[in-house]
1. Which whole-number percentage describes the relative contact order of segment 315-506, with Cα contacts under 8 Å and a sequence gap of 6 or more?
2. I need to check one value: relative contact order of segment 36-298, counting alpha carbon pairs closer than 8 Å and at least 6 residues apart, in percent.
3. Below 8 Å, C-alpha to C-alpha, sequence gap of six or more: please give me the relative contact order for the chain in percent.
4. Counting Lys and Arg as +1 and Asp and Glu as -1, each charge on the Cβ, what is the dipole of the chain about the Cα centre in debye, to the nearest 20?
5. Output the antiparallel fraction of DSSP beta bridges having both residues in the chain, as a percent to the nearest 5.
6. Over the Cα atoms of the chain, what is the Rg over Rh ratio if Rh follows Kirkwood?
7. For segment 36-298, what is the convex hull (Cα atoms) projected area averaged across all directions, in square nanometres?
8. Hey, can you rank 494-500, 335-341 by average C-beta count inside 10 Å, highest first?
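Read the figures in this text as sums done on the coordinates, not as results from a lab. Since the structure is predicted, the reported quantities are computational estimates derived from the model, not experimental observations. So basically every Cβ, Gly included, is an ideal-geometry build from the backbone, and we count neighbours across all protein chains shown.
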Amino acid sequence: MKKTAGLVLAALLCGLSTLGAAPSGPKFGPAVHPTLSQLENRLLEWEKAYPRIMKLRRLGTTAQSRPLLAAVLTDPDAPADRKEHVLITALHCGGERSAATGIFYLMDWLLQGSPGAREILRGQVIAFMPVVNPDGYVAGSLRNSHHRDTYKEWNREGPLVPEQMPEALAAKSLMDELQAELHADYHGTGMQFRGYIMAENSGAAYSNISLKSYKHEIIRQMDQAALAEGYPSDELEQDAERIYWGPELEQLGPKLWSGRPLYYAATYGYEHYHTLAFANENAWERSSFLRHRRLLEIGQEIWPGEYYPGYPTRVILKNELHFVTAYGETAAARRRSRVELWNKQGQIVTALNNPQTEGMVLFVCSTTGKAARRWLSDQSLPRFAQRIGEHRSVDAGPIQRMLKDHPDADGQFKAHLLLLSGRADRSELPPEAESGPIENGLSLRLRIPYPKARISELRVNGHPAAVSSRDGYVSWVARGFTYVQFNIPPERSRKEDLFVVTCLYDPGEERVFGLGWQEQTP
Ligand SMILES: [Zn+2]
């Protein structure tokens, strides 16, 4: 008893040592990263073990003659045109070796054949470049043997100094070939010692605010997947409580978030193919696996607001409620349409009736400069209704009847066509000669902000539209909106350059306007 009491007293006198911490502090182990040849051998072993679902490709060599390897995983028995395309890279690995170990963890899981992994390989083609910069991996450097940064030194044409950047050229060749829906780019630590950690995150880069994914909800779900096993995430500018930099805000100095809008490798995929890009930092391969398994699952699901499963990267233009989106019943058709429309968006103009009206929608889309100048240069709604009567293939009667009693917003503006997206200023539209037709179809997606809406009439150019995912409309409800998507097939988008869609609906509910505060119930 006496002895025990003495020990307790001694412990109390020593203060913190009662918590049981080792007095000597943490011990850091030796380097924990695999060697480059261990990684390369593993790829060769996998290629032998899984010849059907994994193909190894050699995309060039480095300045020090090391091969630039990519592995493409997919189930060859599943139809190719139904597959989403995904690129997974470690553009800073090189020196950020935990990026490679994270990617190998994910590849291993995909190859092991669990039901979830099999489903993803049936629905997706996933190209991996786990060590983009092998010379840098050996040297522990973010840069290659020419001292070039494969992640950061890019512009609209690709790598800044192509003759000194074979690694970045290899990554670019995959971006151009796949025209991927998704690009996930891993970053991390050099793993020079055991116990080297860092702040982890999803869908963002500390230096570059333009790498913040535009789907913030996916970032949240990736972070949540890691947190479910106890891996926490940094939320960058949200946790720093700072707003983004901009030219006019420069004077705010340290009150702004430190990241800047910059052109990095992933920006190239976004600019050319509307690829949805996710950069991330990862310290523990288990955590990065949990994040990216969730990310790949999203490619199998119907994203809220979408009609087909797959990554949500189909919106080309948005005009307040309504969209121009990629056309197609398969992933391949939507990809063709997306890439074409994304790069021709400058010649597309959309217009909607403003003030916006409960019970009816007018949404107009012109796909050539000629059509925009002819039909949308005068934005007065009554004059548009009158002018559209001169269009040879438009049945103007139903459009004119719908717009006959369209209200004005008195004191504010007259009823007009609101041009928001595309080049709203028609003087900026490309000359007529540059405006080729749309070759791969397009879809016009309306969002009606009433989930119980009952549609009574849908027309394209005054003619009734039929239910069809190929040539007609489809409708669904998500996120509180009733969606109506008009699908204009290629044979039609090649010949026509003006689409006037009209929609009449009953909201299906009565919402209070203006006097809600008098009628509220507790
Ligand atoms: Zn990095």
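1. Working: 398 pairs, mean separation 56.4, N = 192.
Normalised by residue count, the contact order of segment 315-506 is 29 percent.
2. RCO, segment 36-298: 23 percent.
3. Worked out over the chain, it gives 12 percent.
4. On the way: 60 positive and 61 negative charges, 132 e Å.
Dipole of the chain, to the nearest 20 debye: 640 debye.
5. Working: 63 of 83 bridges.
That works out to approximately 75 percent antiparallel.
6. Values: Rg = 27.9 Å, Rh = 26.1 Å.
On the Cα set of the chain, Rg over Rh gives 1.07.
7. On the way: hull surface 56.8 nm².
The orientation-averaged projected area of the Cα hull of segment 36-298 comes to 14.2 nm².
8. Working: 494-500: 18.7, 335-341: 22.9.
Those peptides, ordered most packed to least, come out 335-341, 494-500.
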